[in-house]
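For reference, the structure discussed in these notes is given below.
The values are calculated or read from the model by the stated rules, or taken from the named source; none is laboratory data. Here the structure is a predicted model, which means the values were calculated and not measured. Glycine gets a Cβ as well: all are built from the backbone with ideal geometry, and neighbour counts include every protein chain shown.
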Amino acid sequence: MIEHTLFFLDPQPRSLAHLHRFQSLQTSLPPQQESPVNLSFNIAKTMARHIVLALAAATLVAGAPSSSTKIQAVANCTTNSFAIPSWFIEDFAIKDGIAKFSLLNRATNSTFGLSCNTKAANASGACVASGLSDASLSASVQAVKSNLATVQVQQSWTCDDRNPAKPLAFTASGSTSVPLSFDGAAYKSTNPVDLIKGSLHSPVELTPAYADGPTGHSLPGCVAGSKTPTWTIGTVIFINETGDGSSAIQSQSIQFQVTNHANGHVAGCLMYFSSGPAPDDPAVPISCSGSGIFGGKDRYSITTETVFYPRSWTFGINQTWYCDDVDAAKPVAISATGSTTLSLNCTTDTTQTACQTDAAIVHGKVVSETSLAPYSIEDPLPTPDGCTVSSIVAPSWLLSNFEVDKNATAGADALAAVSFNIKLNTKNNLFDYPVFVSYSDVQLQGAADVWYPCTFGANELPLAPKSCSFQYRPDTNKLAIRADWVCIDVDAAHPILFTGISTTTLPKLRCVTGRDGLSACTTDENYTWLSEVANVTWKTLDAMPAH
C-alpha cells in the first residue's frame, strides 16, 4: 500500500547563468532492428520519460534566490519536500584544500554555490553558501582520501504552494560520498551529478522510500552481462487441440518463460491462438508479463516481446531492460534481440497434441544502449497526495451512509444503533473502500457529552481510521469523530500516528418504519460529504501499532 511521489522540477531558470545549464534528458529509444529471422517488433516507447534536471553554475549571481527560509512559491514544493527531500551536487572540485560545488535543493528548485574549507586533515570543513544571509543551510565536506570525499547537508525551507496563509516549514539533512579523480589541477567528481538522499526532521521525522526500480538493475554484472546478451527459454508447453466437432474446440496455445542472464529477470509468456488457414509458418506474437506495465513508484519497467513460429518452432525475443550497477549516476537502457529454434517432444491422443522441449540458451545482440538521466532508475513517479501529505496539509474524512436505527414505539430514553462509513480523504486510491463504523447502544437524549467507541466491520483491520470514538447529537444534527489513523505510504519502516477531531453537520435524514416496528433514518444512499479534521497532532512510531 505504499506509494511515493516525485514531481518534475520547475524548469523556470533562476538567472541567465542558469539558462544554458538546463538539461532535458530525454530517454527515447531508437527504432528496433530486425532479428536474424527478420522478426519485426513494435518496441514500446512508453518507457521513454523526460527528466528535467535544473543544475546551476558553480556560484550564484547577485539577485538570485538565496535564503531557504524565504517562502518558496514553487509548484509542487510541498509534495516534493515529502517525497524527495534531497539535493543534487554539480561541478564538485577540491583544489588547495577548498571544495567548491553547486547544490540544488530538489524540493524547492533553488541552487546555491558552496565553498568549503577542507585543509584540516580528516576534519569536516564548514561551508559558506554564496548569497545566503541566514543559517538555514549548513554543509560540510570531509576529504576522506584522495579519491573520495563526504558531503553533509542540512537545510530548512518553507512552502506555501498549498496554503499561502499557512506556509509549511521543512527541515531535512543527508550525506553522500563523492568519488574523485585528479585531472592535474584539482580533484573532481567522476559523476556528472552526485545525489544526496535526505531525511525529513520537520514537520515530521521520516525517510522517504524511493522506487525499487526494475528487476536486477543494480545486480553486479548487469552492465557487463548486457554486452553479449543471453536468455534461457524454459518451461515450454505447446498444445494443439484439433477438436472433435462438438465438445472440443480447435485451438492452439503455448506458454514458456524467458530468463535474462544479465539481470535475472523472468518473464512469463502465454498465448492462445486459432489454427485456421495461415501461411507456411505464421508468426504468432506472444505477450509476456511486465511488458509496458508501469505501476507504483517505478519509472521504468522491463518490456519483453516474443514471437513464435509454430511450424518451425523458432522463437524470437526482443527485450528492453535497465542497469546502473556500475554507477547509479550513469544508468543505461539496453534493448536486444535474439532467436533460436527448438526441438520437440510431443505426445498425441484423439483430439490433442501436447509438446514440450528442454530449456535452451538464446544468444542475442544489442540493438541500442541509451544513457538515462542520473539516478533516474530509482526516482519515484509522480502520484497524487497520499495518506501522509493529505493528513498534514488538509486532513478530512469522507463520510457516507449514516444511519440511526431504533424502536419506533420506544420512549425518549431508548437506545439506538448508529452506523456510518468513513475513509480518509486522499487524492490517490489507497483508501478506495470506506471503513464501516457502528455502535449499538447510543443514547439519543440526555447524553450529549458521551463518546461512543467505534466498532469496525467484520474482519476489518483499518489504518485510516485505526481507532475512533464518536458523539451523535440528534437535537443539533451534529456528528463529532475523534480518531487515530496511521500512514505508512512515505516511510513504511516508521509509521506516522495521527490524531484529530472533526465535527460535521449531517445531511437531512430520511426515516422509514418497517413492519417490525424498527425505524431507520438514513442519508441518501449515494451521498458523500467531507468533514475537516481539526487539532491534528502526529508522531513517528518505531513500528506499526498492534491491532
Given the conditions (1) in contact with a Phe, Trp or Tyr (Cβ under 9 Å, 6 or more places away or on another chain); (2) not in a loop (DSSP other than H, G, I, E, B), every one holds for residue 366 apart from (1)
Does residue 264 fit the bill of being within 33 Å of the chain's Cα centre (by Cα), at pLDDT 85 or above and outside any strand (DSSP E or B)? yes
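Here is a yes/no grid of residues against (1) under 30 Å from residue 470 (Cβ atoms); (2) in contact with a Leu (Cβ under 8 Å, 6 or more places away or on another chain); (3) of a type in the set (S, T, N, Q):
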position	(1), (2), (3)
345	no, no, yes
363	no, no, no
387	yes, yes, no
392	yes, yes, no
396	yes, yes, yes
417	yes, no, no
423	yes, yes, no
If residue 334 passes every condition in (1) under 36 Å from the mean Cα position of the chain (by Cα); (2) assigned to a loop (DSSP other than H, G, I, E, B); (3) hydrophobic (A, V, I, L, M, F, W, C) but one, which one does it miss? (2)
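Residues checked against (1) of a type in the set (D, E, K, R); (2) on the phi > 0 side of the Ramachandran plot; (3) in the same structural domain as residue 167 (by TED's automatic domain parsing):
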position: 190; (1), (2), (3): no, no, yes
position: 193; (1), (2), (3): no, no, yes
position: 208; (1), (2), (3): no, no, no
position: 212; (1), (2), (3): yes, no, no
position: 228; (1), (2), (3): no, no, no
position: 232; (1), (2), (3): no, no, no
Taking residue 530, is it within 23 Å of residue 388 (Cα to Cα) and either assigned to a loop (DSSP other than H, G, I, E, B) or of a type in the set (S, T, N, Q) (or both)? no
Examine segment 395-409 for a residue that is modelled with pLDDT under 90, over 23 Å from the mean Cα position of the chain (by Cα), surrounded by fewer than 14 Cβ atoms within 10 Å (Cβ to Cβ) and hydroxyl-bearing (Ser, Thr, Tyr), and state whether such a residue exists. yes
Yes or no: residue 376 part of a loop (DSSP other than H, G, I, E, B), outside the structural domain of residue 86 (by TED's automatic domain parsing), buried (at least 18 other Cβ atoms within 10 Å of the Cβ) and of a type in the set (Gly, Ala, Ser)? yes
Take the residues in segment 342-370 that are at pLDDT below 95 and among the β-branched types (Val, Ile, Thr), then tell me which one is farthest from residue 249 (Cα to Cα). 357
Checklist (1) more than 20 Å from residue 460 (Cα to Cα); (2) modelled with pLDDT of 90 or more; (3) charged (D, E, K, R) applied to residue 423, failing item: (1)
Please pick out the residue among 449, 441 that is modelled with pLDDT under 90 and either touching a Leu at 6+ places or on another chain (Cβ under 6 Å) or under 20 Å from residue 535 (Cα atoms) (or both). 449
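To keep it simple, each residue is scored yes or no on (1) of a type in the set (Asp, Glu); (2) under 19 Å from residue 190 (Cα atoms); (3) not in a strand (DSSP E or B).
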site: 87; (1), (2), (3): no, yes, no
site: 99; (1), (2), (3): no, yes, no
site: 103; (1), (2), (3): no, yes, no
site: 126; (1), (2), (3): no, no, no
site: 131; (1), (2), (3): no, no, yes
site: 135; (1), (2), (3): no, no, yes
site: 139; (1), (2), (3): no, no, no
site: 155; (1), (2), (3): no, no, no
Which residues, counting only those in segment 458-481, are farther than 21 Å from residue 387 by Cα and either part of a loop (DSSP other than H, G, I, E, B) or touching an Asp or Glu at 6+ places or on another chain (Cβ under 9 Å) (or both)? 458, 459, 471, 474, 475, 476, 477
Which residue pairs have Cβ atoms closer than 9 Å, lie 6 or more positions apart in sequence or on different chains, and pair a first residue in segment 320-344 that is in the same structural domain as residue 178 (by TED's automatic domain parsing) with a second residue that is among the small types (Gly, Ala, Ser) and at pLDDT below 95? none
Which listed residue, of 427, 466, is in the same structural domain as residue 531 (by TED's automatic domain parsing) and in contact with a helix residue (DSSP H, G or I) (Cβ under 9 Å, 6 or more places away or on another chain): 427
Matching residues, segment 398-436, being more than 30 Å from residue 79 (Cβ to Cβ) and of a type in the set (A, V, I, L, M): 404, 408, 410, 412, 414, 415, 416, 417, 418
Residues that are under 28 Å from residue 79 (Cα atoms), exposed (fewer than 13 other Cβ atoms within 10 Å of the Cβ) and among the acidic types (Asp, Glu): does segment 448-455 have at least one? no
Check on residue 506, in contact (Cβ under 8 Å) with a residue 40 or more places away in the chain and surrounded by fewer than 13 Cβ atoms within 10 Å (Cβ to Cβ): no
